[in-house]
Every structure is written in structure tokens, then in C-alpha cells.
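Presented below is the structure to which this report refers.
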Amino acid sequence: MIKVSHVQGETLQIDHVTKSYGSGATEVTAVRNVSLTVNPGEIVLIMGPSGSGKTTLLSMLGALLKPTEGTIQLNGTMISTLAENRLPDIRLKQFGFIFQDFNLLSALTALENVAIVAELAGTKSGVARRKAASILNELGLSERLNFPPEKLSGGEKQRVAIARALVNDPGLILADEPTANLDSKIGHEIMRLLRNIAKEQGRSVIIVSHDQRIKDIADRILWLEDGEFKETVTMAIDPVCGMAVEREKAVSAEWEGQVFYFCARGCRDEFLKEPKKFLLTASEESSKKT
């Protein structure tokens with residue numbers, strides 16, 4: 001298992017953030033008065049039409065852009081007001097970035113693409129390579145360590161990109177259209193892998209995507225339109241079949257003061273016959289992962 005530092009407390013706090021370009025008659029507001037709190041281990045999926053402000057928002061969360069108004073805190077540090085010379089170190093050590101086109105260096109092997117990020121953060125070369133190899137092995141790439149990107153499939157490239165995002169133990173992973181260049185099955189498998197990693201390691205993940213097929217990996221889905229959040233969808237896991245379901249559309253039932261959500265009446269009825277069986281199974285699965 002990949003060894004990581006577990007994050008405690010709130011990871012990300014965004015308060016009334018606005019980003020405008022230009023001034024006067026030419027002023028354009030890309031993001032308008034957005035607030036959001038993301039906790040450790042939480043996966044937030046931000047969706048919306050093209051031009052809705054998703055990329056601008058993600059860039060601000062990753063300290064690549066400063067907001068015109070409002071504040072962004074990461075683990076208690078007000079990153080939105082830090083001097084520019086402080087930000088590269090923050091981006092390198094506290095964020096992990098995953099891009100739709102992978103952004104791997106073609107002259108380097110898979111191992112080197114991951115290790116170089118650790119080296120840039122100050123890790124000695126030998127240690128960086130061992131850490132990179134460990135993460136890549138965990139992601140199922142033990143036979144591809146010395147392959148250049150051109151010899152990797154799209155799914156393998158994205159696994160390398162995930163390894164690169166994880167290598168410096170960041171508390172927050174930011175993913176920009178991570179399935180755009182992958183087919184449906186591979187894209188969904190990789191997003192489920194990212195979800196499992198986040199849950200096991202207490203990392204927060206924010207994904208910007210148009211891909212409706214990955215909705216089930218999120219804890220919350222936020223709809224961004226005209227720079228504002230218009231709708232929030234909260235997801236829950238069916239304790240019987242393990243499927244992620246939208247709480248607002250799910251079949252629900254209460255047992256011992258707690259509400260559970262199900263994909264269908266069949267799962268609900270099966271649960272109510274023997275609730276402890278399914279809760280014990282879920283607890284055992286959680287214990288195995290930790």
C-alpha cells in the first residue's frame with residue numbers, strides 16, 4: 001500500500017470568490033461569488049457547460065490564478081493572498097494536478113516522469129525513484145516503469161499522471177477533464193481507482209468534467225453555470241449493492257435513527273430483512289482498506 005500522510009481537518013475553504021477580467025464596459029466575470037468547503041477524503045465533481053467558469057475556478061483553487069474578490073484557504077493557509085514567490089512551493093507540495101492530455105514529458109520514462117516531481121520538491125534522487133516506483137507498482141504499472149509515454153496506452157498514461165500527482169503526498173488533488181482522452185470503460189475504472197485512493201488516504205479530490213459517466217464516483221456534484229453554482233447533488237452508497245446513488249432520487253429507509261439510500265426497492269427490502277449483515281460487510285471492507 002502507498003504510504004502517505006493523512007490530512008486532518010478541513011482541506012479547502014473557499015469564501016465568496018469572484019474572478020473578473022477587464023474593466024468597465026469590457027469587464028467579464030468568469031466566476032461569481034462562489035463558496036465551497038471540501039473535507040479530507042471527499043470527492044467533489046464540478047460540472048457545467050463550456051464557458052461556465054469551471055477552468056477558471058479550478059485554476060484559482062490550484063493557486064494558478066488569484067481571485068478578484070474573496071478568499072481561498074488550504075489547510076488554514078490563506079493561499080489567495082500569498083506573494084507570488086511563495087506559490088510555486090505550495091503548488092508543488094500541497095497540490096496534485098491531473099490533466100486531460102496527461103502532460104507527461106516524452107523524453108522521460110514513466111518512472112522518471114513521477115520521480116522528477118519528487119526531486120523538484122527536494123527529495124533526493126534515489127529516494128524519489130524508489131517512491132515513484134512504489135506508487136507506480138501500486139497502480140499496476142510494474143511492467144511499464146521504463147517505458148516512455150509513447151509506448152503507453154491512454155489508461156496507462158493517466159495512471160502515471162495519477163502517480164505523479166500523488167508522489168509529494170498532497171492533501172488536495174485537482175483533476176481537469178481527466179477522462180476526456182479515454183474510452184468510457186477505462187475512464188471510469190481510473191476514476192474509481194482515484195476515488196479509492198482518496199478515501200483510503202484522506203485526500204480531497206476536485207474534478208472538473210463534462211463526463212456524466214463518472215458521476216457515481218463523487219460524494220457531491222456541483223453544477224456551475226454563468227460562474228455560479230446552480231445546483232448541488234449529494235451522492236450516497238447503497239449498502240446492499242455498493243452502487244452510488246443520488247440521494248434526491250434514491251429509495252430511502254430509516255433504521256435505528258439513520259437514513260440509508262438505495263438504488264431500487266429490491267435493495268431496500270433486502271436490507272430491511274437483515275440490516276446488520278450489510279452494515280457488518282461494509283465495516284469489514286472499510287477495515288481491509290485501512
### Message
Going residue by residue through the stretch 109-127, is there one that turns out to be of a type in the set (S, T, N, Q), in contact (Cβ under 8 Å) with a residue 40 or more places away in the chain and within 30 Å of Asp226 (Cβ to Cβ)?
### Response
no
### Query
Could you count how many residues in the stretch 213-228 are part of a helix (DSSP H, G or I), in contact (Cβ under 8 Å) with a residue 60 or more places away in the chain and open to solvent by 10 Å² or more (accessible area, probe 1.4 Å)?
1
### Task
Kindly indicate whether Thr26 is out of contact with any helix residue (DSSP H, G or I) (no Cβ under 6 Å at 6 or more places or on another chain) and under 23 Å from Asp211 (Cα atoms).
no
### Task
Could you tell me which of the residues Asn181, Asn137, Asn146 is modelled with pLDDT under 90 and open to solvent by 30 Å² or more (accessible area, probe 1.4 Å)?
Asn181
### Query
Listed residues Ile190, Ile207, Ile162; which is open to solvent by less than 10 Å² (accessible area, probe 1.4 Å), within 18 Å of Ile116 (Cβ to Cβ), of a type in the set (Val, Ile, Thr) and under 13 Å from the mean Cα position of the chain (by Cα)?
Ile162
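Sort through Ala253, Ala236, Ala198 and tell me the only one that's open to solvent by less than 50 Å² (accessible area, probe 1.4 Å) and modelled with pLDDT of 90 or more.
On the way: Ala236 fails: modelled with pLDDT of 90 or more; Ala198 fails: modelled with pLDDT of 90 or more.
Going through Ala253, Ala236, Ala198 in turn, the sole match is Ala253.
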### Message
Being under 20 Å from the mean Cα position of the chain (by Cα), of a type outside the set (D, E, K, R) and farther than 28 Å from Ala236 by Cα narrows it down to one residue among Val117, Val28; which is it?
### Response
Val117
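Quick one: which residue in Lys54, Lys93 is basic (Lys, Arg) and open to solvent by 60 Å² or more (accessible area, probe 1.4 Å)? Show your work before the answer.
Working: Lys54 fails: open to solvent by 60 Å² or more (accessible area, probe 1.4 Å).
Going through Lys54, Lys93 in turn, just one is basic (Lys, Arg) and open to solvent by 60 Å² or more (accessible area, probe 1.4 Å): Lys93.
Report, by residue number, each residue of the stretch 121-134 that is part of a loop (DSSP other than H, G, I, E, B), open to solvent by 30 Å² or more (accessible area, probe 1.4 Å) and not polar (S, T, N, Q). Working first, answer last.
In the first step, residues of the stretch 121-134 are kept if they are part of a loop (DSSP other than H, G, I, E, B); the result is 121-124.
When the remaining residues are screened for being open to solvent by 30 Å² or more (accessible area, probe 1.4 Å), the result is 122-124.
Gly122, Lys124, listed by residue number.
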### Answer from Asp169, Asp176 - the residue that is of a type in the set (D, E, K, R), surrounded by 18 or more Cβ atoms within 10 Å (Cβ to Cβ) and within 10 Å of the chain's Cα centre (by Cα)
Asp176
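Is it the case that the stretch 144-160 has a residue that's over 16 Å from Thr109 (Cα atoms) and touching a residue at least 40 places away in the same chain (Cβ under 8 Å)? Give the steps one after another, and end with the answer.
Within the stretch 144-160, the first condition is being over 16 Å from Thr109 (Cα atoms), and the residues that meet it are none.
Within the stretch 144-160, not a single residue is over 16 Å from Thr109 (Cα atoms) and touching a residue at least 40 places away in the same chain (Cβ under 8 Å).
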### Summary
Scanning the stretch 5-38 residue by residue, the ones that are over 15 Å from Ser80 (Cα atoms), at pLDDT below 90 and either touching a strand residue (DSSP E or B) at 6+ places or on another chain (Cβ under 8 Å) or buried (at least 19 other Cβ atoms within 10 Å of the Cβ) (or both) total 2
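The values are calculated or read from the model by the stated rules, or taken from the named source; none is laboratory data. No experiment lies behind these values; they were computed from the predicted model shown. Here the Cβ is made from the backbone with ideal geometry for all residues, glycine too, and neighbour counts use every protein chain on show. The protein model used for the area step is the full one, side chains on, heavy atoms only, and it has no ligands, DNA or RNA in it. Shrake-Rupley method; radii C 1.70, N 1.55, O 1.52, S 1.80 Å.
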